[in-house]
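J.: My questions all concern the structure below.
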Amino acid sequence: MCSQKDSFLAALGLPRDLDDEECARSVSDLVSLAATEKRSDGVKLQDIVDAVENYQCAEYLVSIPQFVFLSTTWNFDNKPLSAIPRLRLGKKTALQLARPIIRDTVSLVSSSAHDTTNAEGRELLKEIAGFVKALYPWASASASGNDLEEMKTLLRGLLDSTVVGCVSTIQASLAAREFESLFPRLVVKSYVKDGWADGENAMAQIQAALGVLNPSLPTEKLEIKSTSGLIYLAHTKPTAQSLISAFPQLYPLLLSSLQGNIALDEALFVLLRLLARNHLRIASYAIPPDIAGPLCAVLSAIASTHLEPFIRHLNLHLISMVLSTIHPPLRLEIILGLTKSEEFPQIRGPAVGFLKEAVLEALSSPAHPVEPNPFASPMLFRAFGPVLFKTNPPDFLTFRHTRDDLARSLELLRIADCLSFYYVLLLRDQENRTTVRDMDNITNVGKFFLRPLRQFLDHHIHIIVEGEPLMSLLSLQICLERIENALTAVKGGSVATDRDDRVPDD
């Protein structure tokens, strides 16, 4: 096979009487030893690459993929790729020669990709893309139709494994860039990651490799069956309309990706592009009812627990977008569940914001719609009054808290959101469609919520006035004063001078 086989074996310190199969196996063992042990006293990876190049014995390099992977750490100047066209088939078909190479690579990538840095992961993506673009045309020159289809399947599997394994290193900030493009007024600080263009370039090369395997089928038209398909789709920047048609296929993958924190950037980008139609005044896409609840549940979990502020912020926006597409009764059910969440107390406060959006939307509609809206009806107070206008835990306002306790309190933030909602509702529901202005409701809110809250603030007044004010307490004090003035206006009376009489007695 190799005209300079003896010299090749001598350069690697191997016996000269090895047959071709034994030679290939020995070279593979040397590669494994050099790659995993990084020995300084034996044959090095560079020695093997040099021997292959110098003596033109690439057919013995069964473990070519290990070189492709390790070139991200050792600079081999892409020599393995240049060796592929010189592989001589001999008695083996292209598929027989390439199959073990591809399978070894898949195994190596799957076991090693998760430990790479961002730079190494991106380089690996580019190396594998180059490997596919070099190997497939070489095989196409001689492979039969069936062999070529299997080769295509193997190489697609290699691309899939690499992309999924390295997805956390892509860091192309798809979701952040899309959000900042759609909502520039909401951007206080950009969360687009440095080096995002390098990740985008790596994925562009992967897309090019996919194009080599399927030249007549654009990447965005590929059937989406797995997480890798979701990743490919996201990086093609699909239109919202194409996402709508693909949503039945996409939803299980999106949910799995969100729950598993795999390809999170890509999944959030796809959801954002799909749901932002409503905010762009394009015909909206209504999330199916059986999907809306589970989707809001997983988004609320991410919004409550993710370490990155932008991801939490984005997920709250996505929940709001999902809720805006569904019918009011289901919307009420989901929001009510979020306001009472025991698993994720962090979501209770934002859920009051979702409620405010729904109520303002309902109050802006005609007073006597064909289909009654629960957000502009007495049902609102019946459903949410017992949740919003009491503390969690119920005795929260009866204890004295330290400054540090109050500074960390999620309940204070939720109470502030509830006060803001109550104030807006008093002002906007001029027709009393929600019964917010009924004296019974005003009396009950005052007795069980506002008055205990005022007493709580009196007991902690030293934290408000001494030293640097605690903003969470100060905001509660301001909200209470605004509500008291609004209640006075509702009753048509004057502002009481006795502080204890500002909130009506029962």
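J.: If you plug each phi of the stretch 378-393 into the Karplus form 6.51 cos²θ - 1.76 cosθ + 1.60 with θ = phi - 60°, what whole-Hz ³J(HN,Hα) values come out, in order, with x for Gly and Pro?
T.: Whole-Hz 3J(HN,Hα) from phi for the stretch 378-393: x, 4, 4, 5, 5, 7, 9, x, x, 8, 6, 9, 8, 8, 10, x.
J.: Here is a further query. Using the Cα centre of the stretch 132-283 as the reference point, and only Cβ charges (+1 on K/R, -1 on D/E), how large is the resulting charge dipole? Debye, rounded to the nearest 20.
T.: Values: 13 positive and 13 negative charges, 113 e Å.
With only Lys, Arg, Asp and Glu charged at Cβ, the dipole is about 540 debye.
J.: How would you rank 191-202, 259-270, highest first, on the average number of other Cβ atoms within 10 Å across their residues? Mind showing how you got there, number by number?
T.: Numbers: 191-202: 16.5, 259-270: 21.0.
Per-residue Cβ counts within 10 Å, averaged per peptide and sorted highest first, yield 259-270, 191-202.
J.: Going by average Cβ density within 10 Å per residue, which order do the peptides 22-28, 486-492, 125-131 take, highest to lowest? Before the final figure, lay out each step's value.
T.: On the way: 22-28: 18.4, 486-492: 14.3, 125-131: 25.3.
Highest-to-lowest ranking by the protection proxy: 125-131, 22-28, 486-492.
Rule-based calculations on the coordinates, nothing more; no lab input. Bear in mind the structure is a predicted one, so any value in this text is a computation, not a measurement. In this analysis, Cβ positions are derived from the backbone assuming ideal geometry, glycine residues included, and neighbour counts consider all displayed protein chains.
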